[in-house]
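First the structure, in the form of structure tokens, and then the observations on it.
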Amino acid sequence: MRRDINSLLNGFFALNMHNVYQRYIGKRVSKIGKTSLGNPIAELNGIHLGLPLLLDDFRGVLLARKKKRSDARRQGFHDFCYLFQGDNAWTTGHLRDQSKRRSSVADCQCSFLRARDTTDLKWGCHKLILSRIKFPVLLDKKTPRPYPSDERFLMANDNPTLEFLGAARSVTGSKFLARTKNSQVLFECGMFQGLKELRLRNWNPFPMNPADLEAVVLTHAHIDHSGMLPRLTKMGYEGPIYCTPASTELLRLLLPDAGYLQEQEANYANKKGYSKHSPALPLFTREDAQESLGQLRTLDYGKSLEVADGVTIKFHPSGHILGAGFVEADIGGRKVIVSGDIGSYEREVMAEPSDLPDADYVLVESTYGGRSVDARPVQETLKEHIGPVLAEGGVVVIPAFAIGRTTLVIYHLRQLQERGELPDVPVYVDSPMATDAVDIYCRYGLEHNLKVDLLRSSDKCPITAKTMHMVKRLEDSKKLHRKPGPMIIVSASGMLAGGRSVHHVKTRGGDPKNLILLVGYQADGTRGRALIQGKRELKMFGETHTINAKVASIQGLSAHGDSDDVLRWLGTSKAKPKAFLVHGEDEGLHAMGKRVGEELHWKHYTPNYLEKIKL
């Protein structure tokens, strides 16, 4: 069998080893060579590794076997180990045989070690495993079953598992796959944004077969939590997608618009010729998005529903945006809370989060890490930044997410106009979706603090500026480029990752009397983060543009709670669950972990991308 496997796979070793390693491992590779069997290997910090698996478009997974010093006659393999590259370190896992002699990698249990624990081991190349093709793995009956002393969260073999397919050491791409003995349920289906290496993950095949999922559960409608739904359904998922009623309405706006923007950006790239791909293609289309909407199923807050065998869910308000709800899930007898995004306490628009139920595990969003938001009143800060620019006849460009953040911005602008602290200049909301937002807020008055009767008033609505103009058509958006100031333009996306806001920054960013006002979290690798870091050369549509306009940032308008809000929410639990820190960057995750450990005295762990944990 060993010869058959090696013969079958030798053809794949014809791949250019050096190029593969340079692309996916880079400077980590120190030497390329061959094993005694003639198979190519690489040496990494003294460890001999096999060729990266052709699994989900080269995610960086490797498989190797330990060299034995004696008993060369034995035909079985002594010990197996697979390694995959996390965001900052290499992780290893020893495979345990579940069927005595044969097992597929997908069926093996794994215990995780840190990279330093493998520095004294030598690993010879064995073979590849291709995506969704399970080759038999012959294991020695006497294979040791090592369990490190610092192993976390590893229990019985038949326990449910949780796989972190996104928002693991990153802020975007939320996806968490729960597996029980008889079912698979995906919590969140978000799009990766920001750094190129993250965005490229959107094009990879899903780490599981979409057709095998029994259900998908969403905490809210934002694209970094829902944006891959059209691609998931296109790839074969035909089951229900559960969310709250308000989230369902927002998704009917957001997903088709996201598909439309994907198509527009691909068309623009083809027209200007700046894409490396010919032709540039959209991740999904408007039609793909429309088709996925047919699978939406609503579930009210506080109602329990068994969505798959052994998996029950219940939504609770999280105070983030309309329809946002953290999920209380029973997964094979384990109580797990999926936080989604947690909002703030004592805010003007959204109601505060519900208390945290008792649980065994909590997935804790760590967007702001250990930071606390500026305590200064938001309207005072807005007036300070915007007033002087409008007085000089300048244009204020405010990149903001179309649903949620835009509503907050317009609410505060309206309050300033009512008190005469900002002039009644034109306020253009350049979003095809914002026109429908007021109707949705009216229908879900219990989720926010605004008076519904005022929302229905044409002249007193608090989330419409006194001089607001809604811009839906692309032709009208282009006309704004030629209009003189003073005026305010609010447009998506909020991190300048795409959409019409990028066009406005390109047009207005060269004039020093204008202002680019960032009003939310800016993920690493986005143009918004670059501006906050002081960079004034932005690449937009294949060209580099110099930004001479003023740049300012306001954190108080974020729909995310800061670390104080998240700790306050966690503190409402009567139990002390284990915390998985997600939806954050390394610095923020470390700071959040420190606070969770020192202030709440909870055990906590920060999972790596694609890591699987036994519950």
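The values are calculated or read from the model by the stated rules, or taken from the named source; none is laboratory data. None of the values given here were measured: they were computed from a predicted structure. Cβ coordinates were reconstructed from backbone atoms using ideal geometry, including for glycine residues, and neighbour counts include every protein chain displayed. These accessible areas exclude ligands, DNA and RNA; they are computed on the full protein's heavy atoms, side chains included. Shrake-Rupley method; radii C 1.70, N 1.55, O 1.52, S 1.80 Å.
Would you pick out the residues in the range 397-437 that are touching a helix residue (DSSP H, G or I) at 6+ places or on another chain (Cβ under 9 Å), assigned to a helix (DSSP H, G or I) and either surrounded by 20 or more Cβ atoms within 10 Å (Cβ to Cβ) or modelled with pLDDT of 80 or more (or both)? Within the range 397-437, THR406, THR407, LEU408, VAL409, ILE410, HIS412, LEU413, GLN415, LEU416, ALA434, ALA437 qualify.
Please indicate, with yes or no, whether at least one residue in the range 347-358 is open to solvent by less than 50 Å² (accessible area, probe 1.4 Å), part of a strand (DSSP E or B) and closer than 16 Å to VAL217 by Cβ.
No, the range 347-358 contains no residue that is open to solvent by less than 50 Å² (accessible area, probe 1.4 Å), part of a strand (DSSP E or B) and closer than 16 Å to VAL217 by Cβ.
Taken together, ILE440, ILE488 contain a single residue that is open to solvent by less than 30 Å² (accessible area, probe 1.4 Å) and modelled with pLDDT under 90, which is ILE440.
Have a look at ILE337, ILE331 and point out the one that is at pLDDT 95 or above, open to solvent by less than 10 Å² (accessible area, probe 1.4 Å) and closer than 15 Å to GLY571 by Cβ.
Details: ILE331 fails: closer than 15 Å to GLY571 by Cβ.
It is ILE337.
The residues of the range 178-199 that are open to solvent by less than 30 Å² (accessible area, probe 1.4 Å), among the aliphatic types (A, V, I, L, M) and not in a strand (DSSP E or B), listed by number, are MET191, LEU198. Taking each residue of the range 199-222 that is β-branched (Val, Ile, Thr) and looking for partners that are in a loop (DSSP other than H, G, I, E, B) with beta-carbon atoms closer than 6 Å, six or more apart or interchain, yields VAL216/CYS189; THR219/GLY340.
Residues that are touching a strand residue (DSSP E or B) at 6+ places or on another chain (Cβ under 8 Å), modelled with pLDDT under 95, open to solvent by 60 Å² or more (accessible area, probe 1.4 Å) and not charged (D, E, K, R) within the range 504-544 comprise ILE532, THR544, listed in sequence order.
This table checks each residue for (1) free of Cβ contacts under 8 Å to residues at least 40 places away in the same chain; (2) out of contact with any Pro (no Cβ under 7 Å at 6 or more places or on another chain); (3) over 20 Å from THR526 (Cβ atoms).
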{"position": "GLY340", "(1), (2), (3)": "no, yes, yes"}
{"position": "ASP355", "(1), (2), (3)": "no, yes, yes"}
{"position": "LEU382", "(1), (2), (3)": "no, yes, yes"}
{"position": "ILE398", "(1), (2), (3)": "no, yes, no"}
{"position": "ARG414", "(1), (2), (3)": "no, no, yes"}
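Matching residues to (1) in a helix (DSSP H, G or I); (2) farther than 30 Å from HIS316 by Cβ; (3) in contact with a strand residue (DSSP E or B) (Cβ under 7 Å, 6 or more places away or on another chain); (4) in contact (Cβ under 8 Å) with a residue 12 or more places away in the chain:
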{"residue": "GLY239", "(1), (2), (3), (4)": "no, no, yes, yes"}
{"residue": "ASP257", "(1), (2), (3), (4)": "yes, no, no, yes"}
{"residue": "GLN262", "(1), (2), (3), (4)": "yes, yes, no, yes"}
{"residue": "ALA266", "(1), (2), (3), (4)": "yes, yes, no, yes"}
{"residue": "ALA269", "(1), (2), (3), (4)": "yes, yes, no, yes"}
{"residue": "LYS276", "(1), (2), (3), (4)": "no, yes, no, no"}
{"residue": "SER292", "(1), (2), (3), (4)": "yes, no, no, yes"}
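Within the range 361-378, does at least one residue satisfy the condition of being assigned to a helix (DSSP H, G or I) and under 30 Å from HIS412 (Cα atoms)? Before you say what the answer is, go through the steps one by one.
Initial filter on the range 361-378 (assigned to a helix (DSSP H, G or I)): 378.
If we keep only those that are under 30 Å from HIS412 (Cα atoms) as well, we get 378.
Checked the range 361-378: at least one residue is assigned to a helix (DSSP H, G or I) and under 30 Å from HIS412 (Cα atoms).
Is it the case that ALA465 is free of Cβ contacts under 8 Å to residues at least 60 places away in the same chain, open to solvent by less than 40 Å² (accessible area, probe 1.4 Å), outside any strand (DSSP E or B) and hydrophobic (A, V, I, L, M, F, W, C)? Judged against the criteria, ALA465 is a match. The residue that is nearest to ALA215 (Cα to Cα), counting only those in the range 279-289 that are open to solvent by 60 Å² or more (accessible area, probe 1.4 Å) and over 22 Å from the mean Cα position of the chain (by Cα), is GLU287.
Quick one: count up the residues across the range 601-614 that are over 23 Å from the mean Cα position of the chain (by Cα) and open to solvent by 30 Å² or more (accessible area, probe 1.4 Å). Result for the range 601-614: 2.
For the range 294-314, residues that are in contact (Cβ under 8 Å) with a residue 40 or more places away in the chain, closer than 30 Å to GLY498 by Cα and surrounded by fewer than 19 Cβ atoms within 10 Å (Cβ to Cβ) total 3.
Every test in (1) under 18 Å from LEU177 (Cα atoms); (2) part of a strand (DSSP E or B) is passed by MET208 save one, and that test is (2). Considered as a group, the residues in the range 545-559 that are under 24 Å from the mean Cα position of the chain (by Cα) and either more than 13 Å from GLY343 (Cα to Cα) or open to solvent by 20 Å² or more (accessible area, probe 1.4 Å) (or both) include one that is modelled with the highest pLDDT, and that residue is SER553. Entry remark, the range 570-592: residues being part of a strand (DSSP E or B) and crowded, with 20+ Cβ neighbours inside 10 Å number 4 in total.
Starting from residues that are under 14 Å from VAL397 (Cβ atoms) and not small (Gly, Ala, Ser), keep the ones in the range 451-483 and report whichever is modelled with the lowest pLDDT. Walk me through it before giving the result.
Kept after step one, since they are under 14 Å from VAL397 (Cβ atoms), are these residues of the range 451-483: 471, 477, 480-481, 483.
Still in the running and not small (Gly, Ala, Ser): 471, 480-481, 483.
Working: VAL471: 90, LEU480: 94, HIS481: 93, LYS483: 94.
This residue is VAL471.
In the condition set (1) buried (at least 19 other Cβ atoms within 10 Å of the Cβ); (2) out of contact with any helix residue (DSSP H, G or I) (no Cβ under 9 Å at 6 or more places or on another chain); (3) of a type outside the set (Gly, Ala, Ser), GLU380 is compliant with all but (1).
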